[in-house]
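The values are calculated or read from the model by the stated rules, or taken from the named source; none is laboratory data. A quick note: this is a predicted structure, and the numbers were derived from the prediction, not measured. Counting neighbours? That spans all protein chains shown, and the Cβs are built from the backbone with ideal geometry, glycine included.
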There are 2 protein chains.
Amino acid sequence: MSKLLRVNMTDLKAAFEEVPEPYRLWGGRGFTSMVTAREVPPNCHPLGPNNKLVIAPGIVSGTAAPTSGRTSFGGKSPLTGTIKESNAGGLSSQKIARLGIKGIIIEGHPEEAGKFWLLKINKDGAEFLPATDLVGKGMYEVCRTLWERHGKGVAIIGIGPAGEYRLTNAGICVNDPENTAGRYAGRGGMGAVMGAKGLKAIVIDDTGGPGVAVADQTRFRAAIKKLTEASLKHDVTKKEGALNTYGTNVLANIMNEAGGYPTRNFSGGRFEMVGQISGEAAREIIQKRGGVGTTGHPCHPGCIIQCSNIFTYPDGKFHTSVLEYESVWALGANCGIGNLDDIADLVWACNDVGLDTIEAGATIAVAMEGGLLEFGDAQGAKELIHEDVRHGTPLGRIIGNGTEFTGRAFGVVRVPTVKGQAMPAYEPRVVKGIGVTYATSTMGADHTAGYTIAPEILSVGGKADPFNPQKAELSRAFQSATAFIDTSGYCLFDAFAVLDIPEGLEGMVESCAAVLGTNWTVNDIGPLGIEVLKAERGFNEAAGFTKAHDRLPEFMKYEPVPPHNTTFDVTDEDLDKVHAY
Amino acid sequence: MSKLLRVNMTDLKAAFEEVPEPYRLWGGRGFTSMVTAREVPPNCHPLGPNNKLVIAPGIVSGTAAPTSGRTSFGGKSPLTGTIKESNAGGLSSQKIARLGIKGIIIEGHPEEAGKFWLLKINKDGAEFLPATDLVGKGMYEVCRTLWERHGKGVAIIGIGPAGEYRLTNAGICVNDPENTAGRYAGRGGMGAVMGAKGLKAIVIDDTGGPGVAVADQTRFRAAIKKLTEASLKHDVTKKEGALNTYGTNVLANIMNEAGGYPTRNFSGGRFEMVGQISGEAAREIIQKRGGVGTTGHPCHPGCIIQCSNIFTYPDGKFHTSVLEYESVWALGANCGIGNLDDIADLVWACNDVGLDTIEAGATIAVAMEGGLLEFGDAQGAKELIHEDVRHGTPLGRIIGNGTEFTGRAFGVVRVPTVKGQAMPAYEPRVVKGIGVTYATSTMGADHTAGYTIAPEILSVGGKADPFNPQKAELSRAFQSATAFIDTSGYCLFDAFAVLDIPEGLEGMVESCAAVLGTNWTVNDIGPLGIEVLKAERGFNEAAGFTKAHDRLPEFMKYEPVPPHNTTFDVTDEDLDKVHAY
């Protein structure tokens, strides 16, 4: 049976314990949210001794299930004040799971301020090592150093200087098969929680681990076959399909065409330089430059979608991995920056320093609107991350604390956040369903919480008119299904296939059931997801969140966005329907 | 009949209108809160076009009522997100009232960002003048310039650079009889709202104004006689009484003795250098230095308590006015600074740049805890205000946005705020009633919202054991009575006398009734106050505030404060009782 690893940073003890019954059937987000809801006082200070950092692989992570290497990081968010789960790909999920560990709960508070530790976990247990010489180091160097010290191939979870400074846009980094520092549980500032715990990095070596116990192997194999077939068949997820060929940034042209590609701090829905920064452009540049550049690259072993990429300098040498749609948009179009080399550098800097790229780009755009820089000033933007955030200057502390914080610093009214978290790359005044998700997600503005873009823009999982404001039910259905997927360990991109191919969805839930020994069917997905949402909403309510927080920023209601010149016209009543279950 | 002046900053129009019935019987805080609750969308951006800045003299302001020159400033607070009323002494209240103006409502949003205006109000109406040459100027210079231009004796309401930058600890300044810039509606960042409206200053010349209409002159004269007699009789408020002799800073030794004088960011309840910064010490220095220094000084004509002072340089020249208890504590003991000349300079700098001294001191202390400066570093503290805030550097923007903001910038967990506003100079772990007021006030931590220090420490208005956590009813009684006093226009210091002398209380309410032509008696004070509190709570609830926000910061529950080593042990249930009316 898998165990739970409880790590206390006050007295530097780490001990395994049996998984308590309330956590037994959960993985990933379900696990982190149930632990947070039960063990963390909702009105605790997110950086204080009573918050916890909960880490969990998904239910099927570490098995042969395809594309299931997500690690969830949860706790109370210092960015939003809500409960938070943020998940990443990379090496950690499978290795934690294969050591027979269902979740890691990091609690307490370091006695000595400013002292950082490394936690090493392998089949023999967990031990603390001083991380003094890693303090101040960026994640690229940390990853290199830790492979040298602890063996090539170990999984690394870590924070850059931003997390050490406890900046509330600090993410948690996970290394990938090439040991680059590009996989992030970025959203919600969980890197600051890790920093507040005095933990610089976790190294996971699964050599000799027991592997993941699967209750019903026959059923499991049948289930992953169904899911694999669906994934390899669907146009979005198949080999040489949209994601595999162009990566997530295939969306740039699509969203721009729809007029829903936010530009220059959400002041327009189309970017005149989109052709220079799209997924198509990136692929062309990568192919032309040769060298180590590649598309169709996996972020963890066992991924069959392989949507990642390695972007190169003109000489073909490694520049950054990965140029995702959201990152390119945030640090590109949203800042008026139209050059992929500039954007690659900004992405690299965020990954190294330890910031969420979405929040960082939204932050810089708000600072630009506030007069700190001109829109399009790539050099100025780079200095903010490379110099200011890295060295913790006062300006770096402003930028590193995210969009709403920076808006307040510079007196900006047009701040595109919900519950303190910046909106991603979809204009909610144009695509109303994603606006409903932003407003009502348990975790602040987050496209992954209920990706209604699928039916509203991509005609995946049905078709919905993006301008129609009646989206409460659609968003609820996506939010609950997503809470389940985030629990399973499967990558959210599996959803594209299973939304259209029923057997795929069956395979997804049946593989989870087979691991756990339950009888879950597709009918259980909604209720299981809602159980997670209810726990999260309960935490938030006790932390002081009400329906007044389930709203988009005021300016989106009175300011029409070109080219469609629409405002966000979903009624408050409709927003309040989303969680009326 | 008095009128309402509605000022629109979008099209630069100012027009008088009849006072709508729902506002007719209110003045001061009652007026600003009723207008805000009815006219301001609770979830608007505080610095956006839909917030309003409401200015109102009290019911009896401008009459012969003693010590009644308070001006209330209200709207949605950019510091707390709640409704806000903050009031100041100085010249403005009486002059606005004597022009027959019951309230000024400033709305809209300037078309041209960064452009500032001056609003001049006199018996002929209101006009806009460009304030371009005042931009960036401190309030001392602004006051001097405006008396030169608009006549000696005019009232001035204005903002320093902090308000222009829309920093959320920017206060609104009112000049006093000597035209010094020391009277502040400091709390809650209303100066940022004024700045967001593009209004640098308001000049009020009441020459030839109609004066305040009093419905029943005979009753009025009898009433103010009762209040005056009470005020001149009570030990705290009488001539050569505690306030008149030493000013409000007479409290320093008293609170220090009680162990409830917060020191070095609320890490202790006694300050070893209190003897150097107490009211007694200040008086001795002022007397020894001679020159223009004085104690027992009024902040507006007609004050019979006269608790203010003018503090001097060693050569007897003007340094600052006024050294209040709260300001000296915030910028002194709470920052570990024990020299009155340093503190006077910090107070002057806050007054000139346009910051609330309480919030500024709490902010600097949190920055000190976060490692920016050492506790006691007066020079460093001065540079923060004089240089950084004044010039809007990134560090100045952090400091100028207050305590909670600065805590987040520097990753500090021990942040003594409620609803985003810093606690004043009374340790709530020692004096539990004031902690209940901090937690449950409609406006964030605020001693003036329900000053239970009177019975808990000063034996005024009865006696209550400060350590007894059963303080819900006491705080409620003080909060409702205070809401009435803040509405009347009387200075809160009148309360000392009327708490102990029933005739004084009668005089207070009867004078208000005589002005308005109502039949209010002392029995109406509680219900009237609760009507104000209900309107404020309604606004806050719609803005997303719940009982989860009616709490002290977490660290005060687990960290005992020396010398008494007590924590804040008032139960949540008791806190929730305060507003159960």
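For region A:205-227, what are the residues that are within 14 Å of A:Ser511 (Cβ to Cβ) and of a type in the set (D, E, K, R)? Listed by number, the residues that qualify are A:Asp216, A:Arg219, A:Arg221, A:Lys225, A:Lys226. Scan region B:171-211 for residues that are among the charged types (D, E, K, R) and more than 18 Å from the chain's Cα centre (by Cα) and the total you get is 5. B:Gly302 meets all of the listed conditions (1) under 21 Å from the mean Cα position of the chain (by Cα); (2) buried (at least 18 other Cβ atoms within 10 Å of the Cβ); (3) in contact (Cβ under 8 Å) with a residue 60 or more places away in the chain but one, namely (2). For region A:338-361, the criterion of being in contact with a Ser or Thr (Cβ under 7 Å, 6 or more places away or on another chain), more than 21 Å from A:Gly247 (Cα to Cα) and at pLDDT 95 or above is met by no residue. Taking the criterion of being within 10 Å of A:Thr440 (Cα to Cα) and in contact with a Phe, Trp or Tyr (Cβ under 7 Å, 6 or more places away or on another chain), the only residue of region A:542-581 that qualifies is A:Leu552. Evaluated against (1) assigned to a helix (DSSP H, G or I); (2) within 14 Å of chain B (Cβ to nearest Cβ), A:Thr36 falls short on exactly one condition, (2). Among the residues of region B:131-176, those that are among the β-branched types (Val, Ile, Thr) and closer than 18 Å to B:Trp348 by Cβ comprise B:Val142, B:Thr145, B:Ile156, B:Ile159, B:Ile172, B:Val174. Looking at B:Ser231, B:Ser267, B:Ser278, which one is in the same structural domain as B:Pro553 (by TED's automatic domain parsing) and small (Gly, Ala, Ser)? Only one candidate qualifies: B:Ser231. Among the residues of region B:133-154, is any among the acidic types (Asp, Glu) and touching a strand residue (DSSP E or B) at 6+ places or on another chain (Cβ under 8 Å)? Within region B:133-154, not a single residue is among the acidic types (Asp, Glu) and touching a strand residue (DSSP E or B) at 6+ places or on another chain (Cβ under 8 Å). From the set of residues in region A:555-581 that are aromatic (Phe, Trp, Tyr) and outside any helix (DSSP H, G or I), which is nearest to A:Phe266 (Cα to Cα)? Per the criteria, the residue is A:Phe568. For region B:522-554, the set of residues classified as buried (at least 22 other Cβ atoms within 10 Å of the Cβ), within 14 Å of chain A (Cβ to nearest Cβ) and part of a helix (DSSP H, G or I) consists of B:Phe539, B:Asn540, listed by residue number. Listed here are the helices (runs of 4 or more DSSP H) enclosed by region B:366-465 that have at least 1 residues being within 14 Å of chain A (Cβ to nearest Cβ): B:378-383, B:394-399, B:403-409, B:432-440. All told, B:Asn519 falls short of being without any contact (Cβ under 8 Å) to a residue 24 or more places away in the chain, in a helix (DSSP H, G or I), over 23 Å from the mean Cα position of the chain (by Cα) and more than 25 Å from B:Ile434 (Cβ to Cβ). Among the residues of this structure, A:Gly376 does not count as one that is over 27 Å from B:Gly411 (Cα atoms) and either of a type in the set (Phe, Trp, Tyr) or within 20 Å of the chain's Cα centre (by Cα) (or both). Considering only residues that are more than 22 Å from A:Phe318 (Cα to Cα), among the charged types (D, E, K, R) and assigned to a loop (DSSP other than H, G, I, E, B), which ones fall in region A:143-180? A:Arg166 - this is the single residue of region A:143-180 that is more than 22 Å from A:Phe318 (Cα to Cα), among the charged types (D, E, K, R) and assigned to a loop (DSSP other than H, G, I, E, B). Of the helices (runs of 4 or more DSSP H) contained entirely in region A:216-306, those carrying at least 1 residues that are modelled with pLDDT under 95 and in contact with an Asp or Glu (Cβ under 7 Å, 6 or more places away or on another chain) fall at A:242-246.
In region A:306-321, the residues that are in the same structural domain as A:Asp342 (by TED's automatic domain parsing) reach residues that are part of a strand (DSSP E or B) and hydrophobic (A, V, I, L, M, F, W, C) with C-beta atoms within less than 6 angstrom, at least six apart or across chains, in these pairs: A:His319/A:Phe311; A:Thr320/A:Phe311; A:Ser321/A:Ile310.
Within the set A:Leu53, A:Leu47, A:Leu79, the sole residue that is closer than 17 Å to A:Tyr184 by Cα, within 14 Å of chain B (Cβ to nearest Cβ), in contact with a helix residue (DSSP H, G or I) (Cβ under 8 Å, 6 or more places away or on another chain) and not polar (S, T, N, Q) turns out to be A:Leu79.
Among the residues of region B:159-172, is any surrounded by fewer than 24 Cβ atoms within 10 Å (Cβ to Cβ) and touching a residue at least 24 places away in the same chain (Cβ under 8 Å)? The answer is no, given that none of the residues of region B:159-172 is surrounded by fewer than 24 Cβ atoms within 10 Å (Cβ to Cβ) and touching a residue at least 24 places away in the same chain (Cβ under 8 Å).
For region A:121-137, state whether one or more residues are assigned to a helix (DSSP H, G or I), outside the structural domain of A:Leu355 (by TED's automatic domain parsing), surrounded by fewer than 24 Cβ atoms within 10 Å (Cβ to Cβ) and not aliphatic (A, V, I, L, M). Within region A:121-137, one or more residues are assigned to a helix (DSSP H, G or I), outside the structural domain of A:Leu355 (by TED's automatic domain parsing), surrounded by fewer than 24 Cβ atoms within 10 Å (Cβ to Cβ) and not aliphatic (A, V, I, L, M).
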